[in-house]
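Structure record follows, encoded as structure tokens.
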Amino acid sequence: MMEGSYKTRLVPIESGDEPVVQEAGELIRAGHLVAFPTETVYGLGCDGLNEEAARKVFATKGRPADNPLILHIADLDMMDDLVEGADQLDREFLQTFWPGPMTLIFRRKSIIPDTITGGGETVAIRFPNHPLAQKFIKACDRPIAAPSANISGRPSPTTAQDVLQDMDGRIPLILDGGACQIGIESTVIDMTVTPPLILRPGYYTPEDLDAWLPGIALDQSILKAGVIPKSPGQKYKHYAPKADMVIGLGPVDRVTDWLLTRSKADQARGLKVGILCFEEEDQLAKKRGDHFSHADKLILQGSRSQPRTMAHDLFSNLRKFDRAGMDIILAVGLEEGGFETSVMNRMKKSAGGQVLSL
Ligand code: TXA
Ligand code: MG
């Protein structure tokens, strides 16, 4: 079949025991791509040992060739064939965080196609904890290479409908397991350096990992603008909605003032303005009798004290603004630290770095 010539099927899955999951395995073994849910975001899966299939992933997403893929496993023993020194790894550490939203980078074995690793000497491995992801990988009976199932540069998909929006006609099958629990991608850790280094912040923070990986830290590029990231994927424009996006940071009252003034000024210039804020700003605006009902679209991302809710909804909210045809999104961010650093890493990339301290 030609690329882009598929009639894409989106199939809801309840238990993972449905025959279509076995069919997904057959498609993968025949070199096709299948999208599947994980606990973080949806993945665009291919046979992780098939060079040709891996090339299809890059072509389908429009992904730069130097940005390596993660190999997904459904059993710790699958690592033996993929990474050097798998038998010497601390199983207790692995079993504490796996299956789960953590990706580890090791020295690769030569069986892995160069297309997967970007030609480098290392490979990224993840053992997802979504039951359907595990059943799918088992049905494929091989490691599954899977980037997030979006067109490169767009927000990662956290529902099967989001995948369909980007992949309709490009792949044969989407396994629909509902909305992803976490909503931002896994924590990527380089295990080939001492101490280990977090290349992409995610669900697990340095604080969560330090007891197991003493001295673990975030790559400097995550904290400082202008530092070149060690992980290829971190250097590209990412997660971007079609609308322009500006982030406001600061106390509730100042941020609320900014949202009110800026949104009205932008509307006066003829722009369609979306507001992405917390319940705190919404309540304050209402209390002042000058609420955000003038916004062309208003989305609340939970409370400031619930960064996990904000993360869960972030990418799907950005896609909602796109579907509503916004020209600009005024978004409220959180002070960094712990998990907030992870969600703000995604939000800042979405906004192309446009952040205002208020
Ligand atoms: O949660 C996730 O990790 C999701 C789900 C589907 O598992 N996957 C995901 O894949 O986010 P992707 O391809 O969108 O992001 C993989 C990140 C990129 O930033 C890439 O540069 C980095 O991992 N990466 C992969 N292999 C690497 C390697 N060998 N060395 C350094 N960075 C690597
Ligand atoms: Mg991605």
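Annotations
- Flag: Asp219 matches the condition of being acidic (Asp, Glu) and either crowded, with 16+ Cβ neighbours inside 10 Å or touching a residue at least 24 places away in the same chain (Cβ under 8 Å) (or both).
- Asp17, sole failed condition from (1) under 27 Å from Arg108 (Cβ atoms); (2) in a loop (DSSP other than H, G, I, E, B); (3) in contact with a helix residue (DSSP H, G or I) (Cβ under 9 Å, 6 or more places away or on another chain): (1)
- Enumeration of residues in the stretch 154-205 that are within 14 Å of ligand 2 (Cβ to nearest atom), more than 12 Å from the chain's Cα centre (by Cα) and closer than 16 Å to Val343 by Cα: Leu199
- Hits in the stretch 66-101 - residues which are out of contact with any helix residue (DSSP H, G or I) (no Cβ under 8 Å at 6 or more places or on another chain) and either buried (at least 17 other Cβ atoms within 10 Å of the Cβ) or among the hydroxyl-bearing types (Ser, Thr, Tyr) (or both): Ile70, Met78, Leu82, Val83, Thr96, Gly100, Pro101
- Among the candidates Ile112, Ile116, the residue that is more than 12 Å from Thr38 (Cβ to Cβ), in contact with a Pro (Cβ under 9 Å, 6 or more places away or on another chain), of a type in the set (Val, Ile, Thr) and within 16 Å of ligand 2 (Cβ to nearest atom) is uniquely Ile116.
- Condition check for Ala139: touching a residue at least 60 places away in the same chain (Cβ under 8 Å), farther than 19 Å from Tyr204 by Cβ and either in contact with a His (Cβ under 8 Å, 6 or more places away or on another chain) or among the small types (Gly, Ala, Ser) (or both): yes
- Within the stretch 112-125, if we keep just the residues that are touching a helix residue (DSSP H, G or I) at 6+ places or on another chain (Cβ under 9 Å) and part of a helix (DSSP H, G or I), the residue that is surrounded by the most Cβ atoms within 10 Å (Cβ to Cβ) turns out to be Ile116.
- Check on Gly153, out of contact with any Pro (no Cβ under 8 Å at 6 or more places or on another chain), in a loop (DSSP other than H, G, I, E, B), on the phi > 0 side of the Ramachandran plot and within 12 Å of ligand 1 (Cβ to nearest atom): yes
- Where a residue in the stretch 143-159 is modelled with pLDDT of 95 or more and its partner, wherever it lies, is within 8 Å of ligand 1 (Cβ to nearest atom) and among the acidic types (Asp, Glu), with Cβ under 7 Å and at least six apart: Ser148/Glu185; Ser156/Glu185
- Of the residues making up the stretch 190-214, those that are polar (S, T, N, Q) and touching a residue at least 40 places away in the same chain (Cβ under 8 Å) are Thr192, Thr205.
- Any chance Ile151 is of a type in the set (Val, Ile, Thr) and away from ligand 2 (no atom under 13 Å from the Cβ): no
- When restricted to residues that are in a strand (DSSP E or B) and either within 16 Å of ligand 2 (Cβ to nearest atom) or modelled with pLDDT under 95 (or both), the stretch 56-101 contains 3.
- Residues that are among the charged types (D, E, K, R) and either within 15 Å of the chain's Cα centre (by Cα) or away from ligand 1 (no atom under 16 Å from the Cβ) (or both) within the stretch 224-257 comprise Lys224, Lys235, Lys237, Lys242, Asp244, Asp253, Arg254, Asp257, listed in sequence order.
- Residue in the stretch 126-144 that is nearest to Asp75 (Cα to Cα), counting only those that are near ligand 1 (Cβ under 9 Å from one of its atoms) and outside any loop (DSSP other than H, G, I, E, B): Arg126
The values are calculated or read from the model by the stated rules, or taken from the named source; none is laboratory data. As the structure is a computational prediction, the values presented were derived from the model and not from experiment. Note that each Cβ is placed from the backbone with ideal geometry, even for glycine, and that neighbours are counted across all protein chains shown.
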